[in-house]
There are 2 protein chains.
Amino acid sequence: MSALPKALEELIEALSYLPGVGPRSAERYAYFLLKNDKNKTKKLSKSLSALHSSVKNCPKTFALINSDDKVSDLYSDSDRNKSIVALVADPFDIIAIEKTSLFKGTYHVLGGLISPIDGIGPEQLHIPELKKRIKQDKVQEIILATNASVEGETTALYIQQELSEFKLEITRLARGLPIGVDLEYADQITLGRALEGRQNL
Amino acid sequence: MSALPKALEELIEALSYLPGVGPRSAERYAYFLLKNDKNKTKKLSKSLSALHSSVKNCPKTFALINSDDKVSDLYSDSDRNKSIVALVADPFDIIAIEKTSLFKGTYHVLGGLISPIDGIGPEQLHIPELKKRIKQDKVQEIILATNASVEGETTALYIQQELSEFKLEITRLARGLPIGVDLEYADQITLGRALEGRQNL
């Protein structure tokens with residue numbers, strides 16, 4: 001004898017699988033879906049069932065693309081400068097950079113960051129494919145656009161060494177004060193980096 | 001030209017519909033599902049598509065039940081005392097009470113709490129059905145098991161007035177110190193209620 005119908009229990013279990021969603025949140029989501037518009041639930045169900053078959057990785061950049069596309073628009077578009085490549089960890093990092101509208105080069109997704117704790121070594125990253133692109137597209141600049149975390153810095157360092165055989169400029173995103181933050185609230189490391197990397201006015 | 005495949009954008013939009021889930025969390029969930037085991041995504045999709053057709057409200061207690069069941073187990077079971085009814089706002093409150101294993105009566109779900117701000121008036125609650133049960137099942141005690149919030153207290157007061165025509169005991173859940181909490185950290189209202197409702201040792 002259970003206090004909940006089976007279908008609801010199954011849904012709660014399935015929702016609990018999402019990252020950061022515990023049984024309480026899963027219950028809340030499930031009950032919300034049950035009380036509200038049926039069509040929204042159907043839409044969510046359909047999007048989920050279509051997900052894996054409708055999305056694939058771009059064979060060139062490893063960005064996420066529609067499964068019936070050949071390569072990423074952000075690569076094939078003639079407006080994009082193929083000789084500048086921003087190296088990112090995850091496909092969602094591309095969205096963040098695209099939102100700035102300031103980058104007209106192309107992207108290359110590493111597929112993660114080196115993290116021995118999580119069992120991710122350099123051999124799991126899309127580095128061989130990057131090397132191929134450097135030759136084919138005559139890449140002149142690689143921007144290391146990885147997180148400002150230990151894993152991000154480690155990966156950046158590793159990539160820098162790996163690419164030493166090529167004649168190209170390797171840059172990385174500037175470290176400094178985030179816009180809108182008071183100096184007195186900035187942490188020491190950020191402030192230190194902002195000092196080291198001070199820019200001419 | 002979008003930075004994301006259509007299927008992924010649609011999924012993120014559908015996930016954002018969940019309560020408390022913003023675009024960032026939705027992106028995180030979507031990407032997690034894409035990177036991980038396909039079967040988990042399929043399972044979630046199936047649970048969602050089955051939800052509305054597999055679950056209904058019990059016609060007696062308004063608890064959630066399998067759509068092919070007639071009434072809630074927690075009502076029909078001969079072990080449960082039908083003359084004691086715990087009145088709760090939502091079906092999930094039943095689970096919370098069942099977890100204590102201390103209640104052997106039956107439940108009645110109001111379907112909400114009186115809240116003028118949210119447009120919920122007493123006419124939307126399952127009060128007529130409760131009155132019918134009181135007569136049919138010769139109910140002797142109603143436990144007002146609503147939240148200790150303004151809406152919960154308002155609803156409890158309203159129900160008390162509504163049921164004044166019946167000869168029955170109306171009780172409510174005790175207010176007092178939550179277990180494990182230090183006196184000095186308890187808020188004034190809780191401490192005041194704990195004083196007023198002090199119990200004999």
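The values are calculated or read from the model by the stated rules, or taken from the named source; none is laboratory data. Remember, predicted model here, so these are calculated numbers, not experimental data. Positions of Cβ are generated from backbone atoms using ideal geometry, with glycine treated the same way; all protein chains shown enter the neighbour counts. The protein model used for the area step is the full one, side chains on, heavy atoms only, and it has no ligands, DNA or RNA in it. Shrake-Rupley method; radii C 1.70, N 1.55, O 1.52, S 1.80 Å.
What to note about this one:
- The magnitude of the dipole of the stretch A:51-201, with charges of +1 and -1 set on the Cβ of Lys/Arg and Asp/Glu and taken from the Cα centre, is near 600 debye.
- Cα gyration tensor category, rounded, prolate or oblate, for the stretch B:6-56 with a/c compared to 1.5: oblate
- Using the Cβ-Cβ distance between A:SER115 and B:ALA96 with R0 = 45 Å, the FRET efficiency computed as 1/(1 + (r/R0)^6) comes to roughly 0.70.
- Here is the list for the stretch B:171-201: trypsin sites (Lys or Arg not before Pro) lying in DSSP coil, each with at most 14 other C-beta atoms within 10 angstrom of its C-beta, are B:ARG175, B:ARG198.
- Here is how far apart the B:THR100 label points are across copies: 5.6 nm, shortest first, using a point 7 Å from Cα toward Cβ.
- Computed extension length for A:ARG198-A:SER67: 42.7 nm, one decimal, from 0.36 nm per residue of separation with the Cα-Cα distance subtracted.
- Shape category assigned to the stretch A:76-150 from the gyration tensor of Cα positions, a/c cut at 1.5: oblate
- If you take all other residues with their beta carbon under 15 Å from the beta carbon of A:GLU13, and give Lys and Arg +1 and Asp and Glu -1, the sum is +3.
- Of the trypsin sites (Lys or Arg not before Pro) found in the stretch B:107-162, those in coil by DSSP whose Cβ has at most 14 other Cβ atoms within 10 Å are B:LYS138.
- Cα convex hull volume per residue for the stretch A:1-154 (Å³): 174
- 222 nm mean residue ellipticity, helices alone, for the protein assembly as shown (DSSP H n ≥ 4; -39,500 (n - 2.57); rounded to 500): -13000 deg cm²/dmol
- Computed about its Cα centre, the charge dipole of the stretch A:1-122 is approximately 380 debye, with only Lys, Arg, Asp and Glu carrying charge at their Cβ.
- For the stretch A:58-172, share of DSSP beta bridges that run antiparallel, in % to the nearest 5: 5
- C-alpha long axis of helix A:127-136 to longest principal axis of chain A, angle in °: 50
- Solvent-accessible surface of the stretch A:24-155, averaged per residue with a 1.4 angstrom probe and all protein chains in place: 50 square angstrom.
- Within the protein assembly as shown: Cβ-based charge dipole about Cα centre, in debye rounded to nearest 20 (Lys, Arg +1; Asp, Glu -1): 1160
- Three principal axis lengths of the protein assembly as shown [C-alpha, angstrom, descending]: 91, 51, 37
- Among chain B residues, the one whose Cβ is nearest the axis of the rotation from B to A, given with its distance rounded to whole Å, is B:SER45, 2.
- Against chain B, whose longest principal axis comes from its Cα atoms, helix B:38-54 is set at around 40 degrees.
- Antiparallel bridges, percent of DSSP beta bridges restricted to chain B (to nearest 5): 25
- Net charge in the neighbourhood of B:ASP68 (other residues with Cβ under 11 Å of its Cβ; Lys, Arg +1, Asp, Glu -1) is +2.
- Excluding ligands, DNA and RNA and using a 1.4 Å probe, chains A and B jointly bury around 5600 Å² of accessible surface, summed across both partners.
- Area accessible to solvent at A:ILE12, 1.4 Å probe radius, in Å²: 20
- For B:GLU10, solvent-accessible area (1.4 Å; no DNA, RNA or ligand), Å²: 80
- DSSP-defined antiparallel bridges as percent of all bridges, the protein assembly as shown, nearest 5: 25
- Normalised contact order of chain A, rounded percent, pairs of Cα under 8 Å and 6 or more residues apart: 13
- Stretchable slack from A:LEU173 to A:GLU141, in nm (0.36 nm times residue separation minus alpha-carbon distance): 10.3 nm
- Cα centroid of the stretch B:2-27 to Cα centroid of the stretch A:60-83, whole Å: 21
- Relative contact order (%) - criterion: Cα under 8 Å, at least six apart; region: the stretch A:117-201: 24
- Protein accessible area in the protein assembly as shown, 1.4 Å probe - carbon and sulfur %: 51
- Among B:LEU74, B:LEU183, B:LEU173: highest mean-square fluctuation, GNM of chain B, C-alpha pairs under 10 Å: B:LEU183
- Within the shell of other residues whose beta carbon sits under 11 angstrom from the beta carbon of B:ILE134, the net charge comes to +2, with Lys and Arg scored +1 and Asp and Glu -1.
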